Amino acid sequence: MFFIGATTMPIYAMCIVTAADNSDLPLIQIASGILIMSSLGSILGPMIVAPFMAAMGGEGFFAYGLGGMVLGAVWAFYRIWVIERPWQHEHKFAIMPRTSFVATEMADTDSADPGVDDTADPPAPPYQRG
């Protein structure tokens, strides 16, 4: 079960990214629509898989999952082969700093407060004073 969850949960994020790349809608509308569809699948999925498990036992769960993944793969290959997409993105990739400039200035040791002596030993913790 761990591997099923580990491999199917990233599909939600990949759906959002793919939809955002191929749509002019705002990201919040895309993400909320995909979240609603995911929620409906979470509600209806157990009701649909129950007859499979009643008929085939535990193997019915995996047969249902396999059927869903085959349908998803067929849909993905259909989209790849039939739907025309541009080969270039609208914007070039922009390299962004890993942190903000404010955090960089705070961590800079050269711009320390001149009233603080950084060379002095820090005070001992209270349990070591004596």
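Quick rundown of the values:
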item	result
³J(HN,Hα), Karplus 6.51/-1.76/1.60, whole Hz, each residue of the range 22-36, x for Gly, Pro	10, 9, 9, 6, x, 4, 5, 5, 5, 5, 5, x, 5, 5, 5
For the range 42-50, 3J(HN,Hα) per residue [Karplus equation, 6.51 cos²θ - 1.76 cosθ + 1.60, θ = phi - 60°, Hz, x = Gly/Pro]	5, 7, 7, x, x, 6, 7, 6, 4
Length added when fully stretched, ALA50-LYS92, from 0.36 nm per residue minus Cα-Cα	10.3 nm
Nearest-0.05 FRET efficiency for PHE101 and ILE80, computed from C-beta distance (R0 35 Å)	0.25
Cα shape, the range 1-51, gyration tensor, a/c 1.5 rule	oblate
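Values in this text are rule-based calculations from the coordinates and carry no lab data. Only a predicted model underlies this, so the values are computations on that prediction, with no experimental measurement involved. Backbone-built Cβ (ideal geometry, glycine too); neighbour counts: all protein chains shown.
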